[in-house]
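Beneath this line is the structure, given in structure tokens, with notes to follow.
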Amino acid sequence: MKTIFVKKADVTDEIIRQAAETIKNGGLVAFPTETVYGLGANGLDDDAVNSVYLAKGRPADNPLILHISNLEMLKLIAKDISPVAKVLMNVFWPGPLTLVLKKTELVSDSISRGLDTVAVRFPAHELAQKLITAADTPIAAPSANISGRPSPTEALHVLEDMDGKIPWILDGGSCDIGVESTVVDVTGDYPIILRPGKITFEDISDLFPDTQYDQHLVAEQGEIVAPRSPGMKYKHYAPKGEIQILSGELLDIQQYIDKHLTEKSAVLTFTQYKIKHKNIYSLGNINRPEEGCAKLFSHLRTFDTLGIEKIFAVMPDKRGVGFALYNRLLKAAGGKVINL
Ligand code: TXA
Ligand code: MG
């Protein structure tokens with residue numbers, strides 16, 4: 001299949017209309033959102049949804065998020081919406097928040113994969129909204145990477161993974177946030193955070209003090225707790241090289257790196273940690289984890305391109321958005337932190 005790559009400057013309303021037509025007819029369109037690029041399909045068309053799994057090589061038990069651009073669409077796919085859910089929608093939609101809700105009959109098992117719930121997101125990105133509105137259907141969209149690879153934060157990342165497999169890639173430039181949406185289960189009396197993101201535990205517990213993290217996210221090192229969100233159990237975001245997260249004083253981190261570095265190693269660090277090494281990649285200011293989120297996946301892809309075999313990563317500050325950065329790094333590192 002020939003993939004049409006539409007550069008940012010060339011994405012007109014007419015192009016969006018044509019891409020939306022492709023979605024309506026069962027084809028796949030990669031499009032930007034404020035978090036990461038999505039691989040979009042008509043969420044109410046089983047064949048289209050199944051072709052998303054094929055293009056990504058996605059495990060069959062991992063359900064998809066449905067993306068909407070107005071609350072009318074929500075009524076089609078979700079029911080019994082709790083007061084907790086309503087508040088979170090009011091405060092954070094449109095935005096980088098995905099809510100797990102009770103699904104209606106219209107949502108087939110090709111989306112929900114054995115669950116009786118559906119994950120719904122109302123993205124804030126203008127192009128994403130226009131595409132959903134023009135397609136006039138909820139759009140199923142996982143991150144537009146091959147399963148297991150870092151999520152795409154640039155249209156060229158999508159091209160790397162999807163060239164020849166899908167008809168359209170719409171370029172919207174770099175994604176502002178760079179890590180996927182916060183996923184929150186709101187089917188009960190209090191919110192349960194299943195995947196951390198830009199909207200933080202602190203943001204949600206300000207509104208609902210009984211907010212919890214899924215136990216999987218806060219398990220101790222070595223403790224195995226099955227996640228409630230199927231996608232969180234896979235080794236994700238992983239570059240081909242081995243990542244080691246290093247926690248400790250600058251001097252100890254430097255010593256560890258000096259001792260273990262190889263020809264093909266690299267360092268992921270923050271401005272405050274001035275590590276000496278020939279391949280330094282910055283995650284920005286440690287106190288502004290948004291900067292690290294915006295850069296992390298792009299750096300991980302660069303490491304693959306350069307054939308980096310070992311990556312030393314300085315431990316982020318876990319507070320606020322830092323928890324999302326830490327979570328993605330931890331997954332990429334196979335769940336281990338080295339305490340120095
Ligand atoms: O920011 C995002 O959310 C991006 C953009 C494109 O919107 N999408 C995204 O989709 O990250 P994906 O498929 O890569 O991740 C969806 C996550 C997975 O961990 C999946 O298991 C979980 O949401 N999920 C989907 N439906 C669920 C459900 N009914 N219950 C619990 N978790 C669910
Ligand atoms: Mg994904």
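List of remarks:
- Exactly one residue out of Tyr256, Tyr326, Tyr273, Tyr281 is assigned to a loop (DSSP other than H, G, I, E, B) and aromatic (Phe, Trp, Tyr), and it is Tyr273.
Yes/no matrix, rows are residues, columns are (1) aliphatic (A, V, I, L, M); (2) farther than 20 Å from Arg149 by Cα; (3) in contact (Cβ under 8 Å) with a residue 24 or more places away in the chain:
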position: Ile199; (1), (2), (3): yes, yes, yes
position: Ile245; (1), (2), (3): yes, no, yes
position: Glu249; (1), (2), (3): no, yes, yes
position: Ile253; (1), (2), (3): yes, yes, yes
position: Asp258; (1), (2), (3): no, yes, no
position: Leu261; (1), (2), (3): yes, yes, yes
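- For Val107, the test of being buried (at least 20 other Cβ atoms within 10 Å of the Cβ) and either in a strand (DSSP E or B) or free of Cβ contacts under 8 Å to residues at least 24 places away in the same chain (or both) is failed.
- Taken as a whole, the structure leaves Ile166 outside the set of residues that are within 15 Å of ligand 1 (Cβ to nearest atom) and surrounded by fewer than 21 Cβ atoms within 10 Å (Cβ to Cβ).
- Among the residues examined, Thr211 does not qualify as modelled with pLDDT of 95 or more and closer than 20 Å to Ile65 by Cβ.
- Pair list, Cβ < 6 Å and 6+ apart or interchain, from region 271-284 residues that are closer than 20 Å to Gly322 by Cβ and not assigned by TED's automatic domain parsing to the domain that holds Tyr326 to residues that are loosely packed, with under 15 Cβ neighbours inside 10 Å and modelled with pLDDT under 95: none
- Within region 214-241, if we keep just the residues that are crowded, with 17+ Cβ neighbours inside 10 Å and at pLDDT 90 or above, the residue that is farthest from Arg319 (Cα to Cα) turns out to be Gly241.
- 1 or more residues over 17 Å from Met89 (Cα atoms): qualifying helices (runs of 4 or more DSSP H) within region 125-244: 126-135, 155-162, 215-218
- Count - residues of region 260-286 that are of a type in the set (A, V, I, L, M) and more than 24 Å from the chain's Cα centre (by Cα): 3
- Residues located in region 158-188, provided they are within 19 Å of Ala19 (Cα to Cα), in contact with a Leu (Cβ under 7 Å, 6 or more places away or on another chain) and away from ligand 2 (no atom under 16 Å from the Cβ): Pro167, Ile169, Leu170, Gly172
- The listed residue being under 16 Å from the mean Cα position of the chain (by Cα), closer than 28 Å to Leu156 by Cα and not assigned by TED's automatic domain parsing to the domain that holds Leu194, out of Gly292, Gly334: Gly292
- Among the residues of region 98-116, just one is under 21 Å from Glu202 (Cα atoms) and away from ligand 2 (no atom under 16 Å from the Cβ), namely Leu99.
- Pair list, Cβ < 6 Å and 6+ apart or interchain, from region 118-146 residues that are over 12 Å from Leu39 (Cα atoms) to residues that are more than 15 Å from ligand 2 (Cβ to nearest atom) and charged (D, E, K, R): Val118/Lys103; Ala124/Glu34; His125/Glu34; Ala134/Arg17; Ala135/Lys24
- Ala155 away from ligand 2 (no atom under 12 Å from the Cβ), of a type in the set (A, V, I, L, M, F, W, C) and surrounded by 18 or more Cβ atoms within 10 Å (Cβ to Cβ): yes
The values are calculated or read from the model by the stated rules, or taken from the named source; none is laboratory data. What you see is a predicted model; the values in this text were computed from it and never measured. Note: ideal-geometry Cβ built from the backbone for every residue, glycine included; neighbour counts use all protein chains shown.
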